[in-house]
Amino acid sequence: MHTAQIIRRFNFHDWGGTENVVWNSALELLSLGVTSEILATAAGAKPGKTINSGIKIRRYPYFYPYWPLGSRQKQALDKKGGNPFAPGLRQRLEQVRYDLFHVHNSGRLAEMVQAVSRKQGVPYVISFHGGCFDIPEAEQKELIAPLRWTFPYGGILDRLLRRKRDCIAGAAGIISVGANEVPKLQELYPDKHIIHLPNGVNTRQFRKRVKYSWRHKLGLPPERRLYLCVSRIDYQKNQLLLLKMLSEQLRAGEDVHLLLIGPCTVSWYLEQLQEYCRVHNLSERVTIFPGLRPDDERLVAAYQEADLFFLPSLHEPFGIVVLEAWCAGRPVIAAAVGGLQYLVQDGETGLLFKSDDLSSLLQACQRVRQPGLAEYLARNAWLEVKNKYTWARISQRLANFYAEVLEQYHHH
């Protein structure tokens, strides 16, 4: 089986959860007889073809249909929320015979795939990685902020190209990464083949001990606790709540250091975090480090050395970084939002706190110090990963889903 994996952007130097899923599942599918070609826009990268670990990656020129659109606005859309046109990508889909299209975006790229699917008689499936029903209103407004004072001519092009807006309706199958959104999808599309397929994790990578030491680099004394959060520097990820937590704990005499690792997708939010650190004298107790490649041993070292891992997101469809922390044997404290409520079993594989609630977060920090609880959570979480979230298991389920979709499509 030969598949086209269509994704809005694919850049090893600016990694996100969707790229992680596409790349690792493509690698694992090879052993199951399923080949994948990754087709993306050139957002954050150069157009052209590369081959990595036997996987072909093609990136195409693209544009956003807004005028005027400056370079900073374009970069903001590249990082988050962009809905581009990519004519060259469509040509590739029409020129090569694929058995199945798998699109990881519900915007114009999915509408383009739908049009080619009808023309070529090739089924397509669509994955929802970033949530589609529970995105907070404030986040939705921020997504369109770069487009203020621009003229959107995309609607005109859509009509000229006769694109259909409901790309889900034409899909032969739907994958929801977050368990919380499956019921809504089933309600809206009762005749569709819909599955919940969570993200996976490279267990070997995060279990293997590495030599790099963050404690040594940061000059931390042995008694100082190291807290970690790995996620984009973004208002959605809500790192500001961790700074407020740290301020309270330092005021209470606790000895802690907070390490934030992740690419910056919202520059004003990074400035807000830095200003908060300056005003509250936290600069020597907080380290903000740019995003690391997924294969960088410094990322693994951060997980392995941390005393606690936090994910305080306001909106989180899944939370692949939780799996990475579990692999490294770290206890996790996460916000009870979105897919995290289904991923983390409170009191068994981690601790949950009320969204954006400092008091609830501080209570979770006290709770995890109960004798033996951190070790109990970490032990259970590792068993959960081994039994449910290895890439081998996830990719086998994906291959089975592809086979079922193809059989149903050609049977009808």
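No value in this document is a laboratory result; all are computed from the given coordinates. No experiment lies behind these values; they were computed from the predicted model shown. So basically every Cβ, Gly included, is an ideal-geometry build from the backbone, and we count neighbours across all protein chains shown.
Work out the length of the dipole vector of the stretch 94-235 about its Cα centre, built from +1 on the beta-carbon of each Lys and Arg and -1 on the beta-carbon of each Asp and Glu, and round it to the nearest 20 debye. List each step's numbers first, then the result.
On the way: 23 positive and 14 negative charges, 176 e Å.
Around 840 debye, computed over the stretch 94-235.
First measure r as the distance between the Cβ atoms of PHE63 and ALA145, then evaluate 1/(1 + (r/R0)^6) with R0 = 25 Å and state the FRET efficiency to the nearest 0.05.
0.80
Quick one: what are the phi-derived ³J(HN,Hα) couplings along the stretch 253-269, Karplus 6.51/-1.76/1.60 with θ = phi - 60°, whole Hz, x for glycine and proline?
x, 7, 10, 9, 9, 10, 10, 10, 10, x, x, 8, 9, 9, 5, 5, 6
Kindly express, to the nearest 10 degrees and within the range 0 to 90, the angle between helix 239-251's C-alpha long axis and the longest C-alpha principal axis of the chain.
0
Using packing as a proxy for protection, rank 141-148, 115-122 so that the peptide with the highest average count of other Cβ atoms within 10 Å comes first. Please list the in-between numbers first.
Details: 141-148: 14.4, 115-122: 16.0.
Ranked by mean Cβ neighbours within 10 Å, highest first: 115-122, 141-148.
Would you calculate a helix-derived [θ] at 222 nm for the chain, using -39,500 (n - 2.57) for each DSSP H run of n ≥ 4 and dividing by the full residue count, to the nearest 500?
About -12000 deg cm²/dmol.
Starting at the first residue of the stretch 215-221, write each ³J(HN,Hα) from the Karplus equation 6.51 cos²θ - 1.76 cosθ + 1.60 with θ = phi - 60°, in whole Hz, x for Gly and Pro.
The phi angles translate into 4, 5, 4, 8, x, 7, x Hz.
To the nearest 10 degrees, how steep is helix 391-411 against the longest Cα principal axis of the chain, on a 0 to 90 scale?
Long axis of 391-411 versus the principal axis of the chain: about 20 degrees.
If exposed chymotrypsin sites (Phe, Trp or Tyr not before Pro) are those in a DSSP loop with at most 11 other Cβ within 10 Å, what is the longest stretch of the chain that has none?
That would be 154-412.
Nearest 0.05, what FRET efficiency do ARG251 and SER31 give at R0 = 56 Å with Cβ-Cβ as r? Kindly include the intermediate steps, with their values, before the conclusion.
On the way: r = 53 Å, r/R0 = 0.95.
Calculated value: 0.60.
Considering amide H positions built from the backbone, and no H for Pro or chain starts, which residues 5 or more places from ALA335, or on another chain, come under 5 Å of its amide H?
Placed amide hydrogens put LEU311, SER313, PHE353 under 5 Å from ALA335.
Going by the alpha-carbon gyration tensor, a ≥ b ≥ c the square roots of its eigenvalues, is the chain rounded (a/c under 1.5) or, if a/c is not under 1.5, prolate (a/b greater than b/c) versus oblate?
Since a/c reaches 1.5 and a/b is larger than b/c, the shape of the chain is classed as prolate.
I need the phi-derived Karplus couplings for the stretch 96-102: 6.51 cos²θ - 1.76 cosθ + 1.60, θ = phi - 60°, integer Hz, Gly and Pro marked x.
These are the phi-based 3J(HN,Hα) values: 9, 8, 9, 7, 7, 9, 10 Hz.
Quick one: angle between helix 373-388 and the longest Cα principal axis of the chain, in degrees between 0 and 90, rounded to 10, please.
Tilt of helix 373-388: around 20 degrees.
Would you work out which of LEU258, TYR235, GLN205 lies farthest towards the positive end of the dipole of the stretch 203-388? Charges go on Cβ: Lys and Arg +1, Asp and Glu -1.
Of LEU258, TYR235, GLN205, it is GLN205.
Using a cut-off of 13 Å between beta-carbons, work out the net charge of the residues near TRP391 (Lys and Arg +1, Asp and Glu -1, TRP391 not included).
+3
By its C-alpha gyration tensor, with a ≥ b ≥ c as the square roots of the eigenvalues, how is the stretch 203-388 shaped: rounded for a/c under 1.5, else prolate for a/b larger than b/c, else oblate?
Taking the square roots of the gyration eigenvalues as a ≥ b ≥ c, the stretch 203-388 is rounded.
Assign one of three labels to the stretch 152-235, namely rounded, prolate or oblate, based on the Cα gyration tensor with a ≥ b ≥ c the square roots of its eigenvalues; rounded applies when a/c is under 1.5, prolate when it is not and a/b is larger than b/c, and oblate otherwise.
Details: a/c = 3.47, a/b = 2.14, b/c = 1.62.
Because a/c hits 1.5 or more and a/b exceeds b/c, the stretch 152-235 counts as prolate.
Mind checking the dipole of the chain: about its Cα centre, +1 per Lys or Arg Cβ, -1 per Asp or Glu Cβ, Debye to the nearest 20?
For this selection, approximately 1240 debye.
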